[in-house]
Amino acid sequence: MSGYTVPIMTKVGEVAAPRAVYSRLNLVGMILAGAVMGLTVALRAAGLLTGTYGDIPRILLPGLILIVPAHEGLHWVTAVLLGVPRRDCHFGVYWQKLMPYFRAAVPVPVRSYRVILLAPGVVLFCGLLPPALLTRNVAWVILVGMAFVAGVGDYYWYWRIRALPRGRWVWDKAGLVGLEVLVHD
């Protein structure tokens, strides 16, 4: 959108994390994915889900191929809808950790940034939950779990910025594992 103007601001801090945080987030994601798989198998064994155990491996790779780009794309859509110029919305992959990401290359008000962080998880989870509940099929349940697990990093950063006051702006500054926190001059 044209008209997105960033006021003159001063850096007042950082919400930083060690680079190792991405390894930890991957580990948490794997643990949560394992929990989803275990719960799915248990629910199927109890007769509460339809489908076969063979549906599980058949949905994993296609699910990842669909969920991950959809998740990052929803960050982009949300940022653009909240006024971040398209030219300042970037995708990338942190290859050492095999983590795709979206980043706004301009400061964003903290309230908008929180929405940008959580929108993909909420939209995908809420979009996939009704078919999972209606069909009670293991494949849909796995997709719901994948939609939740895909947002682990977003939930982490939301938690890290939860106490920032409304008047702050945050910036996903390239090279910083974290966010610069800015305030109007």
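The values are calculated or read from the model by the stated rules, or taken from the named source; none is laboratory data. Small disclaimer: the values here were computed from a predicted structure and weren't measured. Cβ atoms come from the backbone with ideal geometry, glycine included; neighbour counts cover every protein chain shown.
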(message) Condition first: in contact with a strand residue (DSSP E or B) (Cβ under 9 Å, 6 or more places away or on another chain) and assigned to a helix (DSSP H, G or I). Now tell me which residues in the stretch 36-51 satisfy that.
(response) Arg44
(request) Identify all residues within the stretch 154-180 that are modelled with pLDDT under 90 and not in a loop (DSSP other than H, G, I, E, B); write none if there are none. (result) Trp171, Gly178, Leu179, Glu180
(request) Find all pairs meeting these conditions: Cβ atoms under 9 angstrom apart; at least six residues apart or on different chains; first residue within the stretch 108-130 and in contact (Cβ under 8 Å) with a residue 24 or more places away in the chain; second residue crowded, with 16+ Cβ neighbours inside 10 Å and of a type in the set (Lys, Arg). (result) Pro109/Arg168; Val110/Arg168
(message) If I go through the stretch 1-25 residue by residue, how many of them are assigned to a helix (DSSP H, G or I) and touching a Gly at 6+ places or on another chain (Cβ under 9 Å)?
(response) 3
(request) Within the stretch 48-72, track down each residue that is without any contact (Cβ under 8 Å) to a residue 60 or more places away in the chain and farther than 20 Å from Gly127 by Cα. (result) Gly54, Pro57
(message) Let me spell it out: the conditions are (1) among the small types (Gly, Ala, Ser); (2) more than 30 Å from Pro7 (Cβ to Cβ); (3) under 15 Å from the mean Cα position of the chain (by Cα), and Ala139 meets all of them except one. Which number is the exception?
(response) (3)
(request) Could you please let me know if Leu49 is closer than 27 Å to Val15 by Cα, of a type outside the set (S, T, N, Q) and surrounded by 17 or more Cβ atoms within 10 Å (Cβ to Cβ)? (result) no
(request) Starting from the stretch 151-164, take each residue that is closer than 15 Å to Val110 by Cα and surrounded by fewer than 17 Cβ atoms within 10 Å (Cβ to Cβ) and list its partners that are modelled with pLDDT under 90 and of a type in the set (Gly, Ala, Ser), counting only C-beta distances under 6 angstrom and pairs at least six apart or across chains. (result) none
(message) Looking only at the stretch 98-107, filter to residues that are closer than 17 Å to Met30 by Cα and surrounded by 13 or more Cβ atoms within 10 Å (Cβ to Cβ); which one of those is modelled with the lowest pLDDT?
(response) Met99
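Any residue in the stretch 37-51 that is within 17 Å of the chain's Cα centre (by Cα) and over 29 Å from Pro85 (Cα atoms)?
First pass over the stretch 37-51, keeping only residues within 17 Å of the chain's Cα centre (by Cα): none.
Checked the stretch 37-51: no residue is within 17 Å of the chain's Cα centre (by Cα) and over 29 Å from Pro85 (Cα atoms).
Being within 25 Å of Leu27 (Cβ to Cβ) and surrounded by 17 or more Cβ atoms within 10 Å (Cβ to Cβ) narrows it down to one of Leu60, Leu74, Leu82, so name that one. Quick ask: steps written out before the conclusion?
Details: Leu60 fails: surrounded by 17 or more Cβ atoms within 10 Å (Cβ to Cβ); Leu82 fails: within 25 Å of Leu27 (Cβ to Cβ).
None of the other options fit; the residue is Leu74.
Evaluate the stretch 60-70: report whether one residue or more is part of a helix (DSSP H, G or I) and under 23 Å from Arg160 (Cα atoms). Talk me through it step by step, then tell me what you get.
We begin by selecting, within the stretch 60-70, every residue part of a helix (DSSP H, G or I); these are 60-70.
Cutting the leftovers down to under 23 Å from Arg160 (Cα atoms) gives us 68.
Within the stretch 60-70 (the criterion being part of a helix (DSSP H, G or I) and under 23 Å from Arg160 (Cα atoms)), the answer is yes, since at least one residue qualifies.
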(request) Looking only at the stretch 75-98, decide whether some residue is in contact with an Asp or Glu (Cβ under 7 Å, 6 or more places away or on another chain) and within 19 Å of Ala147 (Cβ to Cβ). (result) yes
(request) Give the residues of the stretch 99-121 that are in contact with an Asp or Glu (Cβ under 6 Å, 6 or more places away or on another chain) and of a type in the set (A, V, I, L, M), sorted by residue number. (result) Ala104, Ala105, Val106, Leu117
